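First the structure, in the form of structure tokens, and then the observations on it.
The values are calculated or read from the model by the stated rules, or taken from the named source; none is laboratory data. Since we're looking at a predicted model, the values are computed, not measured. No Cβ is skipped: glycine too gets one built from the backbone with ideal geometry, and neighbour counts run over all protein chains shown.
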Amino acid sequence: MGTEAQSGQILAGYLAPHPPHLVYGENPPQNEPKSRGGWEPLRWAYEECRKKIKEYKPDVILVHSPHWQTVVGHHITAVPKLTGKSVDPIFPHLFRYNFEMDVDTELANSIVSHANDMGLVAKPMTNPNFRVDYGTITSLHLLNPDWDIPVVAISANNSPYFYDHDTGQEEMVKLGEATMAAINATGRRAILAASNTLSHFHFSEEPNQALPEDMTREHIFSQAQYEWDVKVINLLRAGKLDEFFAIMPQFMEEAFAEIKAGSLTWMLSAMGMPKIPAHLYGYGTVIGTGNALMEWDLTQAKKEAANAR
Amino acid sequence: MLDNNIVGLYWVPGLPHILSPESNKGYKSINDGMRQVAQSIRAQGAERIIYYSTAWISVLGTSFQSKRHLEGMHVDENWHDFKDLPFKFTIDQGLSKALQKTCKAAGNATSSIDFDGFPVDTGTIVADTLVNPDNLETTMVSSNVYLDFEATCKLGQACAAGIAEHGKKTAVVLVSGFSGRFFTNDIDLREDHIRTPEDDAWNKKMLEFLQNKSYQKFEDAIPEFAKATKADMGLKAWAFGRGILNKDISKVSPRQHAYGSIYGTGAAVLEFTKTD
């Protein structure tokens, strides 16, 4: 952990989608169902990304997941250790994961405190029997399957759905600012993860129920959805955040984009809305949805800015 | 009892606050109402309970709980600081199979859920705690988000056929609220109330339709009600219940055991049983 206050740093942020199929395809010991593989391009992308995360030597990984949806405020895991089995209620035949994670409670409580100071409703989740959602676990596993880095999980307050787009995204911007302030205050070297798929229309039945990893049946839900994903990825790769935010409401509407839950907005806000090119590790579809693993390397950007000076 | 082994349809809320009747008079009233449902289920001679909870959402067809024994401690994702919820279900696997068979025959995509550790939803656990003190065997049907009102109604009809085929007296319990406008901040539970007077008026109007057996008016008003009050899953639970009752709806008498608020939302405890 960092020792000096006011020396915190966000090393990098990742758009880290969470289809449980990717864990199922990998066959880690923690997951009960076993597969013949599948969705390799996305899984290889995550493998590349893992190496980079290890090189950063972060103190903590923070993840914001749409599958921990809360009604009353933003909730942050703040219990030192969480263990148990998490079964995906949608894909229980693919994801039954025995999880064990160490939580950075000091940082978690600091986020709560900063969020409350900014006028948000936020609360610590201190129940040790809490079952962590599959979105949180999948993103964290795919980024760091060794689970040797403490984590903080943040719920997706349902304000984007309960109220409206603007209200919801404003909440996420503030939550990002509170997160950044807490990282600074606690001196952490942090990695952020926005656990979001891009386009989110999916098949309403598994194409091959006998073999979920049948890659001959995997493809994007629609051409329109694919074109939306490409458009968004290209804007992010070009660092054009203003243009991205301008089209975001339409993207959410037309492609049922999961970023509506606010994870990406939270992360970009915490990073200070960096207008740097995001690196695309990979893109792939899972049961029809569009998934991109992307990185905002703030460490490298900082170096380049220093060299330029 | 109706002719198809269905002893009655019940509609109850599923938020955990009602397990703490000491917190609020309204919670106590709802809690008492659910205990009256338990008595009715017993008096009607039910041997099985089917739960249809709007908090169990599925997207790959409709799911049917099939794990013989489900036991554990549940923590709600939102109300994790309120109380842990112990649960113990014995599933009637034969009934699950029968329901799945008739639903599949009616053109529905179905799946059987038989996994240790599957997260039973808060609503079903809360309902079972209060309406099933005799530990009757149960099963659960998921709320498929892609089925609209009409398709959900047909699903209910197919389940009714499955109940008839299975041959045991069965109570069907819908677990769902009415108006869905939660308070989005911390409140003093002693002061809980329906969040807006408009929502309250809407709930009462809808309940009056049911009390008067004006089912068509009730259903016609659902779209407007849902939009105005953020109704729980667009009041889709009723579509399932309507399908369960189907042509027998004229034979049942509605009874309202309770109405009140849970964290700003509207909650009612209703019974639809045959009165000879």
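A quick yes/no check of all residues on (1) at pLDDT below 95; (2) more than 9 Å from chain B (Cβ to nearest Cβ); (3) buried (at least 18 other Cβ atoms within 10 Å of the Cβ):
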| residue | (1), (2), (3) |
| --- | --- |
| A:LYS57 | no, yes, no |
| A:LEU62 | no, yes, yes |
| A:SER86 | no, no, yes |
| A:HIS93 | no, no, yes |
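Quick one: in region A:187-201, which of the residues that are touching an Asp or Glu at 6+ places or on another chain (Cβ under 6 Å) and away from chain B (no Cβ under 14 Å) is farthest from A:PRO124 (Cα to Cα)?
Taking region A:187-201 and keeping what is touching an Asp or Glu at 6+ places or on another chain (Cβ under 6 Å), we get A:187-189, A:196-200.
After this cut, where a residue has to be away from chain B (no Cβ under 14 Å) as well, the list is A:187-189, A:196, A:198-199.
Numbers: A:GLY187: 20, A:ARG188: 19, A:ARG189: 21, A:ASN196: 22, A:LEU198: 28, A:SER199: 31 Å.
Per the stated criteria, the residue is A:SER199.
With the requirement that a residue be exposed (fewer than 14 other Cβ atoms within 10 Å of the Cβ) and either more than 14 Å from every other protein chain (Cβ to nearest Cβ) or of a type in the set (Ser, Thr, Tyr) (or both), what does region A:202-216 give you?
Answer for region A:202-216, where residues must be exposed (fewer than 14 other Cβ atoms within 10 Å of the Cβ) and either more than 14 Å from every other protein chain (Cβ to nearest Cβ) or of a type in the set (Ser, Thr, Tyr) (or both): just A:THR216.
Given the criterion farther than 21 Å from B:LEU9 by Cα, in contact with an Asp or Glu (Cβ under 6 Å, 6 or more places away or on another chain) and not β-branched (Val, Ile, Thr), identify the matching residue among B:ARG190, B:ARG181. Break it down stepwise before answering.
On the way: B:ARG190 fails: in contact with an Asp or Glu (Cβ under 6 Å, 6 or more places away or on another chain).
Being farther than 21 Å from B:LEU9 by Cα, in contact with an Asp or Glu (Cβ under 6 Å, 6 or more places away or on another chain) and not β-branched (Val, Ile, Thr) holds for just one of B:ARG190, B:ARG181, which is B:ARG181.
Can you work out which of the residues in region B:24-69 that are over 30 Å from A:GLU206 (Cβ atoms) and of a type in the set (S, T, N, Q) is nearest to the other protein chains (Cβ to nearest Cβ)?
Residue satisfying both the conditions and the ranking: B:ASN24.
Across region A:151-174, what is the total count of residues that are buried (at least 21 other Cβ atoms within 10 Å of the Cβ), more than 14 Å from every other protein chain (Cβ to nearest Cβ) and not polar (S, T, N, Q)?
Of the residues in region A:151-174, 3 are buried (at least 21 other Cβ atoms within 10 Å of the Cβ), more than 14 Å from every other protein chain (Cβ to nearest Cβ) and not polar (S, T, N, Q).
In region A:185-201, how many are touching a Ser or Thr at 6+ places or on another chain (Cβ under 8 Å) and surrounded by fewer than 22 Cβ atoms within 10 Å (Cβ to Cβ)? Can you show your working first?
Residues of region A:185-201 that are touching a Ser or Thr at 6+ places or on another chain (Cβ under 8 Å), as a first pass: A:185-187, A:192-201.
Of the ones still in play, those that are also surrounded by fewer than 22 Cβ atoms within 10 Å (Cβ to Cβ) are A:185, A:187, A:201.
Number of matching residues: 3.
Answer yes if at least one residue in region A:243-251 is free of Cβ contacts under 8 Å to residues at least 24 places away in the same chain, within 30 Å of A:ASN184 (Cα to Cα) and not in a helix (DSSP H, G or I), and no otherwise.
There is no residue in region A:243-251 that is free of Cβ contacts under 8 Å to residues at least 24 places away in the same chain, within 30 Å of A:ASN184 (Cα to Cα) and not in a helix (DSSP H, G or I).
Inspect region B:151-160 for any residue being more than 10 Å from every other protein chain (Cβ to nearest Cβ), within 17 Å of the chain's Cα centre (by Cα), among the β-branched types (Val, Ile, Thr) and under 16 Å from A:ILE90 (Cα atoms) and give the result as yes or no.
no
Would you be able to say whether some residue in region B:89-109 is more than 14 Å from every other protein chain (Cβ to nearest Cβ), among the basic types (Lys, Arg), in contact with a helix residue (DSSP H, G or I) (Cβ under 9 Å, 6 or more places away or on another chain) and surrounded by fewer than 19 Cβ atoms within 10 Å (Cβ to Cβ)?
Within region B:89-109 (the criterion being more than 14 Å from every other protein chain (Cβ to nearest Cβ), among the basic types (Lys, Arg), in contact with a helix residue (DSSP H, G or I) (Cβ under 9 Å, 6 or more places away or on another chain) and surrounded by fewer than 19 Cβ atoms within 10 Å (Cβ to Cβ)), the answer is yes, since at least one residue qualifies.
Using the structure shown, decide if A:VAL72 is of a type in the set (A, V, I, L, M, F, W, C), within 14 Å of chain B (Cβ to nearest Cβ) and over 19 Å from the mean Cα position of the chain (by Cα). Outline the logic, then answer.
On the way: of a type in the set (A, V, I, L, M, F, W, C): yes; within 14 Å of chain B (Cβ to nearest Cβ): yes; over 19 Å from the mean Cα position of the chain (by Cα): yes.
So A:VAL72 fits the description; yes.
With a cut-off of at least 1 residues that are of a type in the set (Ser, Thr, Tyr), name the strands (runs of 3 or more DSSP E) lying wholly within region A:59-148.
On the way: elements: A:60-70, A:74-77, A:81-87, A:96-102, A:122-125.
Of the strands (runs of 3 or more DSSP E) lying wholly inside region A:59-148, those with at least 1 residues that are of a type in the set (Ser, Thr, Tyr) span A:60-70, A:74-77, A:81-87, A:96-102.
Every residue, every condition in (1) modelled with pLDDT under 95; (2) among the polar types (S, T, N, Q); (3) more than 17 Å from the chain's Cα centre (by Cα), yes or no:
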| position | (1), (2), (3) |
| --- | --- |
| A:VAL173 | no, no, no |
| A:THR186 | no, yes, yes |
| A:ALA194 | no, no, no |
| A:THR197 | no, yes, no |
| A:HIS202 | yes, no, yes |
| A:PRO207 | yes, no, yes |
| A:THR216 | no, yes, yes |
| A:GLN223 | no, yes, yes |
| A:VAL230 | no, no, yes |
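When B:PHE182 is evaluated against the numbered criteria (1) surrounded by 15 or more Cβ atoms within 10 Å (Cβ to Cβ); (2) without any contact (Cβ under 8 Å) to a residue 40 or more places away in the chain, which criterion, by number, is the only one it fails?
(2)
Might you check whether a residue that is at pLDDT 95 or above, under 30 Å from B:LYS104 (Cα atoms) and out of contact with any Gly (no Cβ under 6 Å at 6 or more places or on another chain) occurs anywhere in region B:27-38? If you could, list the steps in order and put the result at the bottom.
Initial filter on region B:27-38 (at pLDDT 95 or above): B:27-38.
Subset that is under 30 Å from B:LYS104 (Cα atoms): none.
No, every residue in region B:27-38 fails to be at pLDDT 95 or above, under 30 Å from B:LYS104 (Cα atoms) and out of contact with any Gly (no Cβ under 6 Å at 6 or more places or on another chain).
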